[in-house]
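These notes concern the structure reproduced below.
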Amino acid sequence: MKLVGAVTQGSGTINEDGWGFVGSADDVTAAWVFDGVTGINGKNFLAPSTDAAWLVAKAHNHLLKLAGLDISLLEILSRLVQSLIIDFNAAVENVDISRDYDPPAACLVLVKRYGAEWKALRLGDSCLLARAGNGTHTILAASPNNAFDHWLSTEAAKRRDAGVLDIKALAAEFRPQLLQGRKLRNSPGGYSILEASVAATEFAEYLDLGTPQEILLCTDGYYRAVDHYELHTNETLIEASLGKDGTGRVLADIRATEASDPACLKYLRFKPADDATALVLRKTC
């Protein structure tokens, strides 16, 4: 498959998303996007940027090697997690971390070609949309934590109505609930996520994609074009992303919509904008 386009943009000074591929731009053999989970620790312990950005950078560098190997997605994930455990243990060896420390995590969606067919792996709520030659679609887009996210957005809206508009203040107020929700990571009845823990290997989603004509990978910040702002359907999001500078144009529309609703009143959400990343592939023959 050919890399048709890609875009990544932070919602603030630090972008905790990431993307990458192996092979060449004209012959991609594996590709991925990351969405770092914004920390709630009050400060960063692992890097000058953020702990989530640290994890994404480490995982990306490991995948540049692992995703090109002739091994299963399960084995890629297992080796990735083992490498992250080593990285994390080395990083915190001389760091005083509190008992309620929220460890870094990231959503990951990864696709890889095996022979003529493609397979996918997902941890977290980043999205995969694939379209076959007959027009049928394969979609992994549902958030594994929708109920909590909706509750959080509703409660945040109440605070904004009362005049509390500072995102950091809102995050501090809801930290106990956020911390409790994050204890559901990689556990039965909870949700999957990439982190430096062997539990991350037990709850990943796997999917056989067959021989798709196009594949779109994106983080939830990009997918807001569908599930928050209704700028696109799943089908038109793929089509728009495939166009000339398609991913950039879609993201520009997302940012314009967010800028028109800075208080999150028209479109209910916890924060005005989110990091957004997308990568789109198309079969060349």
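The values are calculated or read from the model by the stated rules, or taken from the named source; none is laboratory data. Since we're looking at a predicted model, the values are computed, not measured. Counting neighbours? That spans all protein chains shown, and the Cβs are built from the backbone with ideal geometry, glycine included.
What's the number of the condition Thr257 fails, among (1) modelled with pLDDT under 95; (2) surrounded by fewer than 20 Cβ atoms within 10 Å (Cβ to Cβ)?
Thr257 satisfies every listed condition except (1).
Failed condition for Val226, given (1) part of a loop (DSSP other than H, G, I, E, B); (2) over 30 Å from Leu84 (Cα atoms); (3) within 16 Å of the chain's Cα centre (by Cα), with all others met?
(1)
Which pairs turn up if I take residues in the range 235-249 that are part of a loop (DSSP other than H, G, I, E, B) and look for partners that are buried (at least 16 other Cβ atoms within 10 Å of the Cβ) and modelled with pLDDT of 95 or more with beta carbon separation below 8 Å, at least 6 apart in sequence or on another chain?
Asp245/Gly5
Kindly establish whether Asp275 is at pLDDT below 95, closer than 27 Å to Ala30 by Cβ and touching a helix residue (DSSP H, G or I) at 6+ places or on another chain (Cβ under 9 Å).
It is false that Asp275 is at pLDDT below 95, closer than 27 Å to Ala30 by Cβ and touching a helix residue (DSSP H, G or I) at 6+ places or on another chain (Cβ under 9 Å).
Among the residues of the range 23-41, how many are in contact (Cβ under 8 Å) with a residue 24 or more places away in the chain and surrounded by fewer than 19 Cβ atoms within 10 Å (Cβ to Cβ)?
Within the range 23-41, residues that are in contact (Cβ under 8 Å) with a residue 24 or more places away in the chain and surrounded by fewer than 19 Cβ atoms within 10 Å (Cβ to Cβ) number 6.
Scan the range 83-133 residue by residue and report those that are of a type in the set (A, V, I, L, M), touching a residue at least 60 places away in the same chain (Cβ under 8 Å) and in a helix (DSSP H, G or I).
Correct list: Leu84, Ile85.
When you scan the range 166-205, how many residues do you find that are of a type outside the set (D, E, K, R), at pLDDT below 90 and in contact with a Phe, Trp or Tyr (Cβ under 7 Å, 6 or more places away or on another chain)?
3
Identify, from the list Ala59, Ala53, the residue that is assigned to a helix (DSSP H, G or I), closer than 17 Å to Thr201 by Cβ and touching a Gly at 6+ places or on another chain (Cβ under 9 Å).
Testing whether each residue is assigned to a helix (DSSP H, G or I), closer than 17 Å to Thr201 by Cβ and touching a Gly at 6+ places or on another chain (Cβ under 9 Å) leaves just Ala59.
Considering each residue of the range 4-40, count those that are assigned to a strand (DSSP E or B) and either over 22 Å from Asp253 (Cβ atoms) or under 19 Å from the mean Cα position of the chain (by Cα) (or both), and give that number.
23
What is the residue count in the range 68-87 for residues that are within 21 Å of Glu16 (Cα to Cα) and either at pLDDT below 95 or small (Gly, Ala, Ser) (or both)?
Matching residues across the range 68-87 total 1.
Working only within the range 63-81, note down all residues that are free of Cβ contacts under 8 Å to residues at least 24 places away in the same chain and surrounded by fewer than 19 Cβ atoms within 10 Å (Cβ to Cβ).
The answer is Lys65, Leu69, Asp70, Ile71, Ser72, Glu75, Arg79.
On the given criteria, is Asp87 among the charged types (D, E, K, R) and surrounded by fewer than 16 Cβ atoms within 10 Å (Cβ to Cβ)?
When the stated conditions are applied, Asp87 does not pass them.
Criterion first (closer than 20 Å to Glu75 by Cβ and under 21 Å from the mean Cα position of the chain (by Cα)) does Asp102 satisfy it?
Taking the combined requirement at face value, the residue does not satisfy it.
Suppose we keep only residues that are free of Cβ contacts under 8 Å to residues at least 24 places away in the same chain and under 16 Å from Asp102 (Cβ atoms) within the range 43-53. Which one would you say is farthest from the chain's Cα centre (by Cα)?
Selected residue: Lys43.
Would you check which residues across the range 207-223 are closer than 16 Å to Arg249 by Cα and touching a Lys or Arg at 6+ places or on another chain (Cβ under 8 Å) and list them?
none
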